[in-house]
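Enquirer: Have a look at this one.
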Amino acid sequence: MNDLESHVKPNPAHAEGVDVSGHQPLVDWQAIARTGKAFSFIKATESTTLLDHMFVEHWKNADAAGLLRGARHFFRPQEDAVAQAQFFLAHLPSKGELPPVLDVEVSDGASPAQLAGGIRVWVSYVKANFARPLIYTSPAFWGLIALLPDISASADLWVASWGTATPGKVSGWPSWAFWQYSNRCTVPGIPGAANNHADRFNGGIEGLKVYSSKHVGSAVR
């Protein structure tokens, strides 16, 4: 995924959000909420052993600021998919308000068939034991897999498509639920000029609340 400047214009019809990890240890969640951001995706785990060192704190503070939250797992295709799903679910302090996320952006030398098989297993396990998930990926990377034409029946799409006026098409989904439209933006409340991610929901704030209730079943604010 390339470092590209975003050229996305503000659109009040879309709820805006951010995503963070331990790479953003200092986050003023109240300041983010004051900008009108409605949601955040927060990295929780990676592989079968790594718990992001800021996850618990970010999760708690985002909730206190009133943002809807979704937890993210960074997928390692060479590791057992069920063990990864179990590790991820075991470290969630609460269900959150948005779907759990499988972050698919590296192959680690796995074949397309191995990668696709692991994704299917992780998604099936999390859907059966927690909630219907999101898959985070880019059009270019997902195009290397091209083995999951029915994936939209099991997971929604969070597409990473930077520097474009509209998100790129991702095979297997008719549309996107969330769009990471920039990895080079300035977010009040997160230190670092033009070095953060920005996200958009495919609908407004009320639509986001309906989506939360439908896909996670959590009480929304």
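The values are calculated or read from the model by the stated rules, or taken from the named source; none is laboratory data. Since the structure is predicted, the reported quantities are computational estimates derived from the model, not experimental observations. Here Cβ is always computed from backbone atoms with ideal geometry, including for glycine, and neighbour counts include all displayed protein chains. SASA here: full protein model, heavy atoms, side chains in, ligands and nucleic acids out. Shrake-Rupley method; radii C 1.70, N 1.55, O 1.52, S 1.80 Å.
Enquirer: Placing unit charges on C-beta atoms (Lys and Arg positive, Asp and Glu negative, everything else neutral), compute the dipole magnitude of region 1-133 about its Cα centre in debye, rounded to 20.
Expert: Details: 12 positive and 15 negative charges, 101 e Å.
Roughly 480 debye, rounded to the nearest 20.
Enquirer: Let me ask something else about it. Can you tell me which of Ala81, Ala71, Ala113 moves the most in a GNM of the chain? Springs connect C-alpha atoms under 10 Å apart.
Expert: Answer for the Gaussian network model of the chain: Ala113.
Enquirer: Let me ask something else about it. Among all lysine pairs in the chain that are eight or more places apart or on different chains, how many have alpha carbons less than 18 angstrom apart?
Expert: Lysine pairs satisfying the spacing and distance rule in the chain number 10.
Enquirer: Sticking with this structure for a sec: Once you place label points 7 Å from the Cα toward the Cβ at Ala13 and Ser171, how far apart are they in nm?
Expert: Roughly 3.0 nm, to one decimal.
Enquirer: Taking a label point 7 Å from the Cα of Val121 along the Cα→Cβ vector, which residues of region 75-94 have an amide N closer than 15 Å to it?
Expert: Answer for region 75-94: 75-88.
Enquirer: Next question, about the same structure. Would you mind telling me the share, in percent, of accessible area of the chain contributed by carbon and sulfur at probe 1.4 angstrom? Present the calculation step by step, with values, prior to reporting the outcome.
Expert: Numbers: 5110 of 9420 Å².
Using a 1.4 Å probe with all protein chains present, the chain comes out at 54 percent carbon and sulfur.
Enquirer: Work out, in µm²/s and without decimals, the Stokes-Einstein translational diffusion coefficient of region 149-188 at 25 °C, 0.890 mPa s, Rh from Kirkwood over C-alpha pairs. Walk me through the numbers on the way to the answer.
Expert: Numbers: Rh = 11.2 Å.
Approximately 219 µm²/s, per Stokes-Einstein.
Enquirer: Each label point is 7 Å from the Cα along the Cα-to-Cβ direction; what then is the distance between the points at Asn129 and His23, in nm?
Expert: 2.8 nm
Enquirer: While we're on this one: Give me the percent of DSSP beta bridges within the chain that run antiparallel, rounded to the nearest 5. Provide the component values of the computation, followed by the final result.
Expert: Details: 9 of 33 bridges.
Around 25 percent of the beta bridges assigned by DSSP in the chain are antiparallel ones.
Enquirer: Okay, next question. When the chain is modelled as a GNM with alpha-carbon springs shorter than 10 Å, which of Pro174, Pro188, Pro25 fluctuates the most?
Expert: Pro174
Enquirer: Name the most mobile residue of Tyr136, Tyr125, Tyr181, meaning the one with the largest mean-square fluctuation, in a Gaussian network model of the chain with Cα contacts below 10 Å.
Expert: Tyr125
Enquirer: Then there's this: What translational diffusion coefficient, to the nearest whole µm²/s, does the chain have by Stokes-Einstein, given a Kirkwood radius computed over alpha-carbon pairs, a temperature of 25 °C and 0.890 mPa s viscosity?
Expert: Numbers: Rh = 17.3 Å.
Stokes-Einstein gives a translational diffusion coefficient of 142 µm²/s.
Enquirer: On full extension of the chain, what length is gained from Ala146 through Thr48, given 0.36 nm per residue of separation minus the C-alpha to C-alpha distance? Intermediate results must be reported in sequence, preceding the final value.
Expert: Working: separation 98, 0.36 × 98 = 35.28 nm, distance 2.56 nm.
Here the answer is 32.7 nm.
Enquirer: Shifting gears a bit: Using Cα centres only, tell me the gap between region 125-179 and region 71-103 in whole Å.
Expert: 16 Å
Enquirer: Using Cα-only point scatterers and the Debye equation, what is log10 of I(q)/I(0) for region 6-78 at each q in 0.25 Å⁻¹, rounded to two decimals?
Expert: With no solvent term, the Cα-only Debye profile gives -1.10.
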